[in-house]
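K.L.:
The structure follows.
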Amino acid sequence: MPQARFTLHVPTEELLRYYRGRASMVAVTADDGSRLRFPAASLRPFVTRDGVHGRFLIRFDENLRLVELRRIGG
């Protein structure tokens, strides 16, 4: 199963763009340099009043559809 690790820092103001429907996908650069895109809605469990910050592990199925997104560090 393909997977990647990345660091994400999204301030509250930027998260509002997703909630207002101005953006539906998040684009990040993984530790290995690859570019990833995934639905912004998958960040909801990680939202705090300061936004979303931390290290994450993302896993995809063989069709490159998101299977799991979890925080692996602060």
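K.L.:
Residues in segment 1-18, backbone N under 15 Å from the label point at R65 (7 Å along the Cα-to-beta-carbon vector): list them, ranges by number please.
P.N.:
2
K.L.:
Could you work out, for the chain, what percent of all Cα-Cα pairs fall into each 5 Å distance bin, beginning at 0 Å and stopping at the bin that holds the largest distance?
P.N.:
Pairs per bin, as whole percents: 3, 15, 29, 28, 17, 7, 1.
K.L.:
Largest first and in whole Å, give the semi-axes of segment 1-40's equivalent ellipsoid, each being the square root of 5 times a Cα gyration tensor eigenvalue.
P.N.:
Equivalent ellipsoid of segment 1-40: 22, 11, 7 Å, largest first.
K.L.:
Something else now. Set Lys and Arg Cβ to +1 and Asp and Glu Cβ to -1, take the dipole of the chain about its Cα centre, and tell me which of A4, G33, L69 lies farthest positive.
P.N.:
L69
K.L.:
Can you pull out the trypsin sites (Lys or Arg not before Pro) in the chain whose DSSP state is coil and whose Cβ has at most 15 other Cβ atoms within 10 Å?
P.N.:
Loop-located and lightly packed - R20, R22, R49, R65.
K.L.:
May I pose another question? Using the Cα centre as the reference, give the magnitude of the dipole from point charges on the C-beta atoms of segment 9-56 (Lys, Arg: +1; Asp, Glu: -1; all else neutral), rounded to the nearest 20 debye.
P.N.:
220
K.L.:
Which loop-located GluC sites (Glu not before Pro) does the chain contain, where loop means any DSSP state but H, G, I, E or B and the Cβ has at most 15 other Cβ atoms within 10 Å? Before the final figure, lay out the partial values.
P.N.:
Values: sites: E13, E14, E62, E68; in loops: E62.
Loop-located and lightly packed - E62.
K.L.:
Among S42, G21, F60, which residue has its Cα positioned farthest towards the positive end of the charge dipole of the chain, with +1 placed on the Cβ of Lys and Arg, -1 on the Cβ of Asp and Glu, and the dipole taken about the Cα centre?
P.N.:
Most positive-ward Cα: G21.
Computed from the coordinates by the stated procedures, all read-outs in this text should not be read as laboratory data. None of these values were measured; they are calculated from a predicted model. No Cβ is skipped: glycine too gets one built from the backbone with ideal geometry, and neighbour counts run over all protein chains shown.
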